[in-house]
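The values are calculated or read from the model by the stated rules, or taken from the named source; none is laboratory data. For clarity, every value in this text was computed on a predicted model and none was experimentally measured. Cβ atoms come from the backbone with ideal geometry, glycine included; neighbour counts cover every protein chain shown. The area values use the complete protein model at the heavy-atom level, side chains included, leaving out ligands, DNA and RNA. Shrake-Rupley method; radii C 1.70, N 1.55, O 1.52, S 1.80 Å.
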Amino acid sequence: MSTFSLTKGSEAALGMLASQAGSETLLLTQPARELRAELSIEPFTSDSGDQLLAVLFMREQRHSMTLQRNDGANAQHLADWIEAVANGTVDTAEAIPQRAGPSDLAAATAAFHAAAHELNAQTDMVNHPPHYTGHPSGVECIEVAELLPFTLGNAFKYVFRHGQKGGLEDLRKAHWYLDRIEPGATPLYVAEENLLVAGELARRIAAHESYLIGGCLVAIALAEVEHARELLGHLLSAA
């Protein structure tokens, strides 16, 4: 029976996460199927020393594990764990509480960091984080990203959130994902109806952004990779 395994791009992203912490969307594949997972990693200190709390969301389930910080094998530990969860060979699922409303976002943010020290992550920072849901257009990042293939969806996410979260580092991550697409190639596997919807949503977002940011988001949503690279290059030069 075929099993899910992380893509090479997700393995590379996992290596960065294991050393720097943060959050990422990961892609696992098997013949004719794919599975996405959200992974967040937070550093904390306990009686056992400096550690990392990894929280994984997959198939509407929450899983968590702890790692020793600065362990060179952490990326492999995480990869093995994620693939085991995807393939049902380990059961670490926990209940997910109901999503918080907009008025609860500030409390949810504080609760996430407090819970990390107690080895129990606050899930609303994944389900309803303000850097993804607080845009004045009313469009949530996931509404566009989930319509796109993995590389484009992640590039869109990092440009979308960079002003509220990762700044220049997020723009560099977006560039890294765009560079995963061969120059001149068109992601033909994007359904035309997905591009139509993604483009319309991105234009609503762009109406509240500068020309470069808005144009970059629209270009990514329309799978116009070369144009997106060009605009992102200008953003990086101006940062």
Would you call ARG62 crowded, with 19+ Cβ neighbours inside 10 Å, in a strand (DSSP E or B) and touching a residue at least 40 places away in the same chain (Cβ under 8 Å)?
-> yes
Only one of (1) open to solvent by less than 50 Å² (accessible area, probe 1.4 Å); (2) farther than 29 Å from HIS175 by Cβ; (3) part of a strand (DSSP E or B) does not apply to THR92, and that is (3)
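Return yes when ALA32 is at pLDDT below 85 and within 19 Å of PRO149 (Cβ to Cβ) and no when it is not. Steps first, please.
Values: at pLDDT below 85: yes; within 19 Å of PRO149 (Cβ to Cβ): yes.
Yes; evaluated as a whole, the condition is true for this residue.
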task: Looking only at segment 11-19, decide whether some residue is open to solvent by 20 Å² or more (accessible area, probe 1.4 Å), in contact with a helix residue (DSSP H, G or I) (Cβ under 8 Å, 6 or more places away or on another chain), outside any loop (DSSP other than H, G, I, E, B) and free of Cβ contacts under 8 Å to residues at least 60 places away in the same chain.
output: yes
Selection from segment 65-76 of residues hydrophobic (A, V, I, L, M, F, W, C) and in a loop (DSSP other than H, G, I, E, B) yields ALA73
Conditions (1) among the polar types (S, T, N, Q); (2) modelled with pLDDT of 85 or more; (3) closer than 28 Å to GLU34 by Cα -> THR186 fails only (2)
Scanning segment 189-223 residue by residue, those of a type outside the set (Gly, Ala, Ser) and modelled with pLDDT of 90 or more turn out to be VAL197, GLU200, LEU201, ARG203, ARG204, ILE205, ILE213, CYS216, LEU217, VAL218, ILE220, LEU222
